[in-house]
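The values are calculated or read from the model by the stated rules, or taken from the named source; none is laboratory data. As the structure is a computational prediction, the values presented were derived from the model and not from experiment. Here Cβ is always computed from backbone atoms with ideal geometry, including for glycine, and neighbour counts include all displayed protein chains. Calculation scope for accessible area: heavy atoms of the full protein, side chains included, ligands and nucleic acids excluded. Shrake-Rupley method; radii C 1.70, N 1.55, O 1.52, S 1.80 Å.
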Amino acid sequence: MNKFLKIVLITPIALAFLIILIGFILPSQWQVSRSIVIDKPPRAIYGYVSNFKMGWPQWSDFDYEDPNIQYSYSGPIQGLGASRSWISEKMGNGSQTITAADPAKGITFELKMENTKFGLKGNIAFEPAGNGTKVTWTDSGDTGNNLFFKYMATMMDKMMGATFDRSLAKLKTRLDGPVK
């Protein structure tokens, strides 16, 4: 077998092995977090983050990534147990449920996508910031041993961070008025 043929055969195998090896070394946990200060008390913000039907559409850009998305709601209107599910060709079908809620501290939620094992835990936390409130939105997850999801996790900040920033800016504008 000539040298060129060996290189042509061995190179793709070596690259595939390297990609798999790196995938096993990548961390399985990921996190995306963004913050903004809003010049209102936590209770004024709470209704926007604890209500999927009336609150989130006013500020979350994720709600508008697919103009044909179909939402359905269950549980309480807001707070602990509030839930929504969606059908979306673009984003995939999924659900989101508030698992903890406190008007002074914020909310925690779980998001699950159907037909995949992808899910995340989210938190929108309130903390004092001068005369206002620092609002921090954090999503995190664990990809387990799924190599595809591990590679995807390395890009989560780039994929989600800008949407977090836009959404939090819209929440601030909704509550504080236009930036002057």
Of the listed residues (K121, K134), the one being open to solvent by 60 Å² or more (accessible area, probe 1.4 Å), assigned to a strand (DSSP E or B), modelled with pLDDT of 95 or more and over 13 Å from I38 (Cβ atoms) is K121
For G141, state whether it is in a loop (DSSP other than H, G, I, E, B) and not hydroxyl-bearing (S, T, Y). no
A16 is checked against (1) assigned to a helix (DSSP H, G or I); (2) open to solvent by less than 80 Å² (accessible area, probe 1.4 Å); (3) of a type outside the set (S, T, Y); (4) modelled with pLDDT of 80 or more and fails just one. What number does that condition carry? (4)
Over segment 32-83, the set of residues in a helix (DSSP H, G or I) and in contact (Cβ under 8 Å) with a residue 60 or more places away in the chain is P42, R43, A44, I45, Y46, Y48, V49, Q58, D61, F62
Of the residues in segment 94-152, those that are hydroxyl-bearing (S, T, Y), in contact with a Ser or Thr (Cβ under 6 Å, 6 or more places away or on another chain) and over 27 Å from P41 (Cβ atoms) come to S95, T143
Which of the residues that make up segment 84-105 are more than 16 Å from the chain's Cα centre (by Cα), closer than 21 Å to T138 by Cβ, in contact (Cβ under 8 Å) with a residue 12 or more places away in the chain and assigned to a strand (DSSP E or B)? A100, A101
Checking the conditions here, which among T108, T99, T163, T173 is closer than 16 Å to D61 by Cβ, of a type in the set (S, T, N, Q), out of contact with any Cys (no Cβ under 6 Å at 6 or more places or on another chain) and open to solvent by 30 Å² or more (accessible area, probe 1.4 Å)? T173
